Each structure stands twice: as C-alpha cells, then as structure tokens.
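To start, the structure under review is shown below, and the notes come after it.
The values are calculated or read from the model by the stated rules, or taken from the named source; none is laboratory data. The shown structure was predicted, so the numbers you read here are calculated from the model rather than taken from an experiment. So basically every Cβ, Gly included, is an ideal-geometry build from the backbone, and we count neighbours across all protein chains shown. Heads up: the accessible areas ignore ligands, DNA and RNA and are worked out on the full protein's heavy atoms, side chains in. Shrake-Rupley method; radii C 1.70, N 1.55, O 1.52, S 1.80 Å.
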Amino acid sequence: MFSVSGLSIHFTGEYIFRDISFNISDRDRVGLVGRNGAGKSTLLKILAKEMTPESGQVSSPDGSTVGYLPQELKSNSDTTVFKEALKAFENLKKLQQQIDNYTEQIAERTDYESADYLKLIERLNEANDHFQLKGGHNMEGDTEKVLLGLGFEKSDFGRPVAEFSGGWQMRIELAKILLQKPDLLLLDEPTNHLDIVSIQWLEQFLKNYQGAIVLVSHDRLFLDNVTNRTIEISMARIYDYKTSYSDYVKQRAERQETQQAAYENQQKEIAETERFIERFRYKATKAKQVQSRVKKLEKMDQIEVDAFENVKIHFSFPPAPRSGKVVFEASRLSKAFGDNQVLSNLEFIIERQDNVAFVGRNGEGKTTLSRIITGHLDYEGEAKPGHNVSIGYYAQNQADMLDHSKTVFETIDDEAVGEIRKKVKNILGGFLFSGEDLDKKVAVLSGGEKARLALAKLLLTPVNLLVLDEPTNHLDMRSKDILKHALLRFDGTLILVSHDRDFLHGLATKIYEVRNHSVKPFIGDIYDYLEKRKIEGLDELNIQEKALPGKENKPKAGKEAYLQRKEQEKALRKIKKQVEQAEARIEQLEQDIESADAILAEPEKNAEKITSENLYEKYEALNQELEKVMEEWEQLNEELNASA
C-alpha cells in the first residue's frame, strides 16, 4: 500500500495542497480530476518522487516500484523502436545475471546441509520467482504485443526512434513503462497521443493490470472504463469517491447541494445570532444569553462551499450560408512526401450537412487529408470544393500559429470586419476572456487559453464547412460538452479529426477510416465503426444458395399463384403502415429534439430545468432513438421498393 500523509505544497504563496492524506491499495484504479491548475500533474510528480512537498510524506512498501508517464517527454534515443522498448527490461537483465551467478555458485558447492548453502538456494528461488512474475521469460514476446497494441507495425520495429514524431516517441515510453509492470503506474494524459483503436487496447491492458494505477485524463469514457475510484482536487483539498467518473459527477452534484444547503442554514443561524447579540448587548438582564451566543459564534466551525468550476465557454456558430449539395469531391486524389506515399487514388464525396469523422492510426494521413480539403496542401489528382463552399479550419497546431506579439483583443479585432467588430468583446467573453485578460499577450497564455482563442476566431466569419483537427485536445470536459452542443446545432457540413470517442458519439454520422493510403467509409456512429472494426479481418460467410441441377424455378399458376399474390399484397400493406408509423415517430422526435435544443442553447438560463429533467441524457436518448428509427425507416423503404 502507498500512503500519502499530511501533504502540503504551495506556489507563489497559494496552496496547491494543504494537509491532504490518502492511501492507494494494490488494485486501485484512481482517476485524478479537478479544474486546470488544481494540482493533478503536481500530485503525480510528488508520487513519482520527482517533486518534494513543503511538508508531509509519501510512503511506499520496501522494494516497490513506480512507473511515471508525464504529459511531455523529450527522447534522445539513438537506437531502434524495438531495442528502445527492450530497455524496459534492464533491471530484469541484471536479475538474470544474478540468477546465473547464484546458479554457478550452487554448482560449485558441496556443503549441501550448511546454512549458507540453504540461504543461497532461497535467494535463487526468490530471484527466479521475481523474474517470472515480471515477465522475464517472455521479454521479446511481451514487447512485440505491447508495441503492436499501441499502434506500431512490425515493419516499424527496426526503424530508428528519431524518425518518429513526438507523439509516437511518447508511445514508446508508454510501452516501456507498461512492460516494466511497476507496482504503481502513474499516467498523465496517456491518451493524448493515441488513436481510438490504441486507446481501446490500453483500456483492456489496464483493466487486467496487476498493480495500482493513478491517472489524469480528460477522456470521460476512458476514465469510466478504467477507474474504480475518483479523487477530486478542489481548493487545496481532496475528496475521495469510491466510484468511476460518471458516478462521481452525480455524487459531486449531490455533495454540492448538501454543502450549499448547510452553508445557507449556518449563515441564517449566524445572522440571527448576531441580531440577538446586537439587540440585547446593553441589557443587563440578557447579559448571560448574549455571552453564551458570543461564545457559540467563536466556537462555530465555518462551513465553506467549494468553488466548483461552473464557469465555462458558451457560444454558437453563425448560421451557415447555403452551399451546393456536393461540398467536396475527390477523384484519384494522391499525396506523397518524398518517397513516403500517404494517400493514393482516393475517391469520395462529402455532401451538404454531412457530419464526417476522419479516424485511423496516427500518421496514416488524417491531418494531411484535412489540409488538402482546406487548401493548405498541394496534391495530385482532383480535389474540388462544391458550389458556394466557405471553409473554417481549426488545425491541430492552431494555437501555435497565433501571433504571440498580439494581445488577446488584437488577435480577434484585427481579423473582424463589418458588424462583427462590434461583437468582439462578446465573442471573447464567451470564451472566458474579459477585463484584464483582453490585454494579455498571446505569448503568456496557457495551452488551454490559446486553444480557446483559436476557436474564437472561427466565429468571425460565417462558413458552411467546418474542418476541425483535434479541437478538444486542450479543453476540459465541460468545455468539450459546450463545443459538442454548438456543433450539434451547426447547420453546415462538418469534418472532424478526433480520437475522443465520447466527443464523436452522437456528433459524427459518417466515419471515414484513413488506412493503408486509402479512405474506407462506415455509415453510422463511432461505435458502429468500432464494432465493425473488431470483426474486420475475419473470414466472412458469403454462402449463396444455388439451384440444384435439373431443378428450375418455374412460374406458379392457378390457386397457388393467387394465394402467393395475396400474401405479397398483405406484406406490402404491412410495410407501408410501418413506414407511416416510422415517419410519424421521426417527425415527433425531431420536434422534441428542436424543443430540447432551444433549452440547451441557454444552459445558464435553464440550469434548473436541465438538471431536474436530466435534459442532457434525454437529449442524447432522443438522438439515439431518432438514429435508430431512421435506420428502420431506410430498411423499410428498401423492402418496399424491392416488393413494388
């Protein structure tokens, strides 16, 4: 068991933690949560012994090991991917040398009954047990499995680490930590550099992990699938919930209500007590009662209400100008960087009001394709925007492309034209920039602030095609929800590059997998794609019934033909009725969704109604039902056309 006791640390006079204590048991899966700057990464560094607290201590069992993956890491490796990953076993290789040494000593000795000989045997057995427990007998096999699980191909194993991007190098570091099998695994935003398939693999790996895990993540689904405990950091204190993230959110809301009610009751009691003291302070007959109430106030423990992070971005995209039916068309589209062929002979069409997600392994060409569509990259073949298409583009490195010498206000005001200039401060206010923030230089902004400012620029000009490349990377969960809802209400065409399944769910209705230089379409939600992806590669059964020799299908006549025709007409009427019922249900669902949209568009104004009616959950359920009924309607129409 790892133990944190009386931990305190402060920066620039403000406490990050004050006298916090908690334990981490052998099989705990802890999600660390809290607003940006609350101290999540700091706590991981302290647990990893990379930072020393002002007071308090972290205790760990003798001989225990800790593995730590920070958010950012610089690699200076001069070897190949596979050899670098095998460095995870350096301690095991030393242990193997010890085992060999013990074995040699035993072979040379003849004092079989002596205490020293028995002690040597005991050490050898302990070393062998530890070697086996840590996977020493299958180092190369385990290394291959983990690297493949994290998205590497076997052809990558012999390539130099230096050839890979920072994101892929982080995957190698993650692989090394997982292969070391430490007793305590500390992961700071481990999914930031992973694609959807690799995230799913990591989830399964962590579910079966034998040690304890503490992780920081802004991926709600990842936290739900991996953690069984949530520690919230708020106002230099911690709140420990024995549950995963989604249940923690509900319990936190209940805690806030209880805390607020207790605070208001105490404030009422304090006010009444102070009024009594003030009223009877100078009356001798009430002196005893007054003194009693004064002492009561002095001894009272003041209830504090936690400063929950209720402030969040709020905005809507401008109405989209109408475009032609075809928004973008690719024909024989190819792109290579030198000898590296990324895309080859792509053929696809994106139509008006499509919500498309580009998914796939990092490096397969998702961002490349996005940059071609937005006109930021040359190519071979044809890539044609449709009639009257205007594009808004949020690049993966959009925040880094801001002019660092400008202020927040200048960044927006310099690009705003016409009537929109009058709304610059309102736009910035919607993204949490106000007062002195407007005069801050971009250079001093945090990563999250730069991301918000880059998103704000998208509101300056109405567009009908939004291309967003990893827009949620620096947004907290509440801000992601607001962005998602704004995109749900966007009436143009949407192209998303994202690895966040929760963000894509209910938002993207078409999935394009960029893989092996091509694009493969999947009609449906992100989970439809993931389900199909699991079975891809299996042999499909394409059994077709063939007519037996000598038997031909001949037309039926007389009564048999009449009865068959009547049955067909009956079936046709049934399908038509089902189509009408489906259309009526679709119309009702669209009305219900439109009504919910109007309420959710103003979350601050309608907060009580949204909470009391669980409107976010109902809204998602309505969309899911609409999607299901639409699929049924399409299938019924196909049956109807086939029967006509």
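Which of the trypsin sites (Lys or Arg not before Pro) found in the stretch 189-264 are loop residues per DSSP with 13 or fewer other Cβ atoms within 10 Å of their Cβ?
Numbers: sites: 207, 220, 229, 237, 242, 250, 252, 255; in loops: 242.
When the trypsin sites (Lys or Arg not before Pro) of the stretch 189-264 are filtered for loop state and at most 13 Cβ neighbours within 10 Å, 242 remain.
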Gain in length, residue 299 to residue 140, computed as 0.36 nm per residue apart minus the alpha-carbon separation, to one decimal in nm?
50.7 nm
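Determine, from the Cβ-Cβ distance of residue 387 and residue 446 and an R0 of 35 Å, the FRET efficiency 1/(1 + (r/R0)^6), rounded to the nearest 0.05.
Values: r = 41 Å, r/R0 = 1.17.
With a Förster radius of 35 Å, E is 0.30.
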Give me the net charge for the shell around residue 497: Cβ to Cβ below 13 angstrom, other residues only, Lys and Arg +1, Asp and Glu -1.
-3
Can you give the Rg to Rh ratio of the stretch 189-251, both from alpha-carbon atoms, with Rh computed by the Kirkwood formula?
0.98
One finds, for residue 348 and residue 376 with R0 = 25 angstrom and r their Cβ-Cβ distance, a FRET efficiency to the nearest 0.05 of 0.85
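How much length would be gained if the chain were fully extended between residue 261 and residue 14, taking 0.36 nm per residue of separation minus their Cα-Cα distance, in nm to one decimal?
Values: separation 247, 0.36 × 247 = 88.92 nm, distance 2.79 nm.
Taking 0.36 nm per residue and subtracting the Cα distance, the gain is 86.1 nm.
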Need one number: the % of Cα-Cα pairs in the stretch 1-158 sitting beyond the 19 Å mark.
70
Per-residue HN-Hα couplings for the stretch 267-274, Karplus 6.51 cos²θ - 1.76 cosθ + 1.60 at θ = phi - 60°, whole Hz, x for Gly and Pro?
4, 5, 5, 4, 4, 5, 5, 5
For residue 251 and residue 117 in the same chain, what is the full-extension length gain: residue separation times 0.36 nm, less their Cα-Cα distance, in nm?
42.4 nm
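Would you work out the charge dipole size for the stretch 430-518 about its Cα centre, treating the Cβ of every Lys and Arg as +1 and the Cβ of every Asp and Glu as -1, and quote it to the nearest 20 debye? Mind showing how you got there, number by number?
Working: 12 positive and 12 negative charges, 29 e Å.
In debye, rounded to 20, the stretch 430-518 gives about 140.
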At 7 Å along Cα-to-Cβ for each site, give me the label-to-label distance between residue 339 and residue 415 in nm.
3.9
Testing the spin-label approximation: label points 7 Å from Cα along Cα→Cβ at residue 576 and residue 148. State their distance in nm.
5.6
Percent of alpha carbon pairs in the stretch 222-296 separated by more than 14 Å?
72
For the stretch 450-456, just list the computed ³J(HN,Hα) in residue order, Karplus coefficients 6.51, -1.76 and 1.60, θ = phi - 60°, integers in Hz, with x standing in for Gly and Pro.
5, 4, 5, 5, 5, 5, 4
Among 176/520; 181/242; 366/484; 207/484; 425/605, the pairs whose Cα-Cα distance exceeds 27 Å are 176/520; 207/484
The chain - accessible surface per residue (Å², probe 1.4 Å):
56
Under a plain spin-label model, where a point goes 7 Å from the Cα along Cα-to-Cβ, how far apart in nm are residue 237 and residue 126?
4.4
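Would you work out if the stretch 299-418 is rounded, prolate or oblate? Take a ≥ b ≥ c from the square roots of the eigenvalues of the alpha-carbon gyration tensor; rounded if a/c is under 1.5, else prolate when a/b is larger than b/c, oblate otherwise. Intermediate results must be reported in sequence, preceding the final value.
On the way: a/c = 2.20, a/b = 1.93, b/c = 1.14.
Taking the square roots of the gyration eigenvalues as a ≥ b ≥ c, the stretch 299-418 is prolate.
What shape does the stretch 414-481 take by its C-alpha gyration tensor, where a ≥ b ≥ c are the square roots of the eigenvalues and a/c under 1.5 counts as rounded, a/b above b/c as prolate, and the rest as oblate?
Details: a/c = 1.80, a/b = 1.07, b/c = 1.67.
Here the stretch 414-481 falls in the oblate category.
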Would you grab the residues whose amide H sits under 5 Å from the one on residue 491? Only those 5+ places off in sequence or on another chain, please, with H modelled 1.01 Å from N.
320
So if I take the centroid of the Cα atoms in the stretch 343-391 and the same for the stretch 243-267, what is the distance between those two points in Å?
46
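Summarise the accessible area of the stretch 206-293 (1.4 Å probe, protein heavy atoms) by the percent that is carbon and sulfur.
Roughly 47 percent of what the probe reaches on the stretch 206-293 is carbon or sulfur.
For the chain, just run the numbers: alpha carbon Rg, then divide by 2.2 N^0.38 Å, N being how many residues it has. Intermediate results must be reported in sequence, preceding the final value.
Numbers: Rg = 31.4 Å, N = 644, 2.2 N^0.38 = 25.7 Å.
Scaled against compact globular proteins, the figure is 1.22.
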Which entries of 49/87; 87/134; 325/457 show an alpha-carbon separation above 24 angstrom in the structure shown?
325/457
Amide H contacts under 5 Å for residue 69, placed H, 5+ residues apart
186, 187, 188
